[in-house]
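J.: Dropping a structure here in structure tokens format, bear with me for questions.
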Amino acid sequence: MREKLVELEKLILADVEKASTIPEFDNLRVKYLGRNGELTNILRELGKLSPEERPLIGKLTNDLKIKAQNIIDERSALLKEAEKQKSIKKESIDVTLSGRKRPLGHLHPLSQVMYEVEDIFLKLGFEIAEGPEVELDYYNFEALNFPKDHPARDMHDTFYITENIILRTHTSPVQIRVMENRKPPLQVIVPGRVYRCDADVSHSPMFHQVEGFMVDKKITFGDLKGVLSLFLRKMFGSKTKVRFRPSYFPFTEPSVEIDIECQLCKGKGCRVCKESGWVEILGAGMIDPEVFKAVKYDPEKYSGFAFGIGIERITMLKFAIDDIRLFFENNMLFLKQF
Ligand code: DAH
């Protein structure tokens, strides 16, 4: 019996060495100390031993039981502690680490350019006005001296809502809305969305313009040229080639279109400038007396100039973008570049 206990002790110690998880230690407890555990069984059978053997074997068995209990408890406690430390380490936060940077959003390239244009004119003393995108035919055309059946209406590819209500094709109608309500002197710019039924690499059915006008006594074509040249120099740099071409708009007389050297091909010719080397970015002119009559200004007393800037065009030239549709596709790879 004594040898059996010695063997059993070796077995227990070997099992304890092998155990490496909490469930394994639990199993050992059941195996040796449980209700049907080996040590428990020996104790239960003590009665079968001779009276001389009984006290000694009983003591040895009890000692072994305590020893086994202690070593199993000790080792499993160590294991529990090690696992706890491991999980603390895993879950702990190093408060001294520097924070993760969140990516900052930024303005859409069209907004950036819009704000830049506004900024230049605000510094020149212009103020900002806005008007409706769903507009009456009267403001979009009639009051701007496009009578019904005027051929210049054809160029506007108008979206009609009803016969008299349309999506504005330009920001010029806001000239009328402002002048109807106020008296000169006026220096106003009108940023906004406009709509035309047209789509290709350089046309989008919705695009952005900034209208501008200056009205007072004795405003001349020299003022127009001075203000717009200054604007273009600020926008594209003082070395950019600019040309003024005679043109026609019903609401200005005389009228000009202003081109700048194509910034993508530097004048050599490409698909953005339709191989001409020049890109039109501004329409302008002296406000037609017919327009002043529509807003009840005396054309003998007041004069003024007006202009319309295409924001997509300017942005394409500034950032060398060769397809207007890229602005509206919301492709992050494209947008992240600005
Ligand atoms: N409204 C014109 C367009 O969209 C642009 C324009 C040309 C505006 C001449 C003006 C101007 O104010 O004087 O084509």
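J.: When the accessible area of the chain is split by element with a 1.4 Å probe, what percent falls to carbon and sulfur?
T.: So the carbon and sulfur contribution to the accessible surface is 54 percent.
J.: Ile88 to Lys10: FRET efficiency via 1/(1 + (r/R0)^6), r the Cβ-Cβ distance, R0 35 Å, to the nearest 0.05?
T.: 0.45
J.: Based on the alpha carbons, how large is the Rg to Rh ratio for the chain when Rh follows Kirkwood?
T.: Reported Rg/Rh, Kirkwood definition of Rh: 1.64.
J.: Full-extension gain between Lys241 and Phe338, please, as 0.36 nm times their residue separation minus the C-alpha to C-alpha distance.
T.: Extra length from Lys241 to Phe338 when fully extended: 32.4 nm.
J.: Further, regarding this structure: Determine how large the accessible area of Arg44 is when every protein chain is in place; take a 1.4 Å probe and give Å² rounded to the nearest 10.
T.: That residue has around 140 Å² of solvent-accessible surface.
J.: Using the Cα centre of the chain as origin and beta-carbon charges of +1 (Lys, Arg) and -1 (Asp, Glu), tell me which of Phe305, Ile42, Leu282 is placed farthest towards the positive end of the dipole.
T.: Working it through, the farthest residue towards the positive pole turns out to be Ile42.
J.: Given a 1.4 angstrom probe, what's the average accessible area per residue across the chain, in square angstrom?
T.: On a per-residue basis, the chain sits at 58 Å².
J.: Say the dipole of the chain comes from +1 at the beta carbon of Lys and Arg and -1 at that of Asp and Glu; which of Asn27, Ser172, Val210 then lies farthest toward its positive end?
T.: Result: Asn27, furthest along the dipole toward the positive end.
J.: Taking the Cα centre of the chain as origin, sum charge times position over the Cβ atoms of Lys and Arg (+1) and Asp and Glu (-1), and report the length of that vector in debye to the nearest 20.
T.: Here the size comes out at about 1420 debye.
J.: Roughly how many nanometres apart are two label points built 7 Å out from the Cα toward the Cβ at Glu52 and Ala320?
T.: 10.9 nm
J.: Of all GluC sites (Glu not before Pro) in the range 1-77, which ones are in loop regions per DSSP and have a Cβ with at most 15 other Cβ atoms within 10 Å?
T.: Glu52
J.: Modelled label-to-label distance, Asn331 and Arg44, 7 Å Cα→beta-carbon offset: nm?
T.: Inter-label distance under the simple model: 7.9 nm.
J.: Using a cut-off of 19 Å between alpha-carbon atoms, which aspartates and glutamates can reach Lys266, once sequence neighbours fewer than 8 places away in the same chain are excluded?
T.: Correct list for Lys266: Glu275, Glu280, Glu312, Asp322, Asp323.
J.: Ok, one more. What pairs in Lys234/Lys274; Lys101/Lys336; Lys225/Lys293; Lys217/Lys241; Lys148/Lys183 have C-alpha atoms more than 22 Å from each other?
T.: Those over the limit are Lys234/Lys274; Lys225/Lys293; Lys217/Lys241; Lys148/Lys183.
J.: Any idea what the dipole of the range 75-232 comes to, in debye rounded to 20, about its Cα centre with Lys/Arg Cβ at +1 and Asp/Glu Cβ at -1?
T.: 1340 debye
J.: Still on this structure: So if I place +1 on the C-beta of Lys and Arg and -1 on the C-beta of Asp and Glu, and nothing else carries charge, what would the dipole magnitude of the range 2-91 be about its Cα centre? I want it in debye, nearest 20.
T.: 200 debye
J.: Work out the FRET efficiency for Lys123 and Glu300 from their Cβ-Cβ distance, taking R0 = 35 Å, and round it to the nearest 0.05.
T.: Once the sixth-power term is evaluated, E becomes 0.65.
J.: I'd like the orientation of helix 53-91 relative to the chain: the angle between its Cα long axis and the longest Cα principal axis, in ° from 0 to 90, rounded to 10.
T.: 10 degrees
J.: Another question, if that's okay. Find the percent of Cα-Cα distances in the range 268-324 that exceed 15 Å, and round it to a whole number.
T.: Tail of the P(r) past 15 Å holds 60 percent of the pairs.
J.: Where is the GNM fluctuation largest for the chain (alpha-carbon springs, 10 angstrom cutoff): Gln175, Gln209, Gln69?
T.: The residue that fluctuates most here is Gln69.
J.: What lysines does Lys67 reach when the alpha-carbon gap must be under 26 Å and sequence neighbours fewer than 8 apart in one chain are set aside?
T.: The qualifying lysines are Lys4, Lys10, Lys18, Lys31, Lys48, Lys59, Lys80, Lys84.
J.: Loop only by DSSP, 16 or fewer other Cβ within 10 Å of the Cβ. Give me the GluC sites (Glu not before Pro) in the range 132-189 that pass, ordered by residue number.
T.: In loop regions of the range 132-189 (DSSP not H, G, I, E or B), the sparsely surrounded GluC sites (Glu not before Pro) are Glu133, Glu163.
J.: Another question about this same structure. Helix 2-18 sits at what angle to the longest principal axis of the chain, using alpha carbons and giving 0 to 90 degrees rounded to 10?
T.: Long axis of 2-18 versus the principal axis of the chain: about 10 degrees.
The values are calculated or read from the model by the stated rules, or taken from the named source; none is laboratory data. Model, not experiment: these values are computed from the prediction. Neighbour counts are summed over all protein chains in view; Cβ atoms, including those assigned to glycine, are modelled from backbone coordinates with ideal geometry. Heads up: the accessible areas ignore ligands, DNA and RNA and are worked out on the full protein's heavy atoms, side chains in. Shrake-Rupley method; radii C 1.70, N 1.55, O 1.52, S 1.80 Å.
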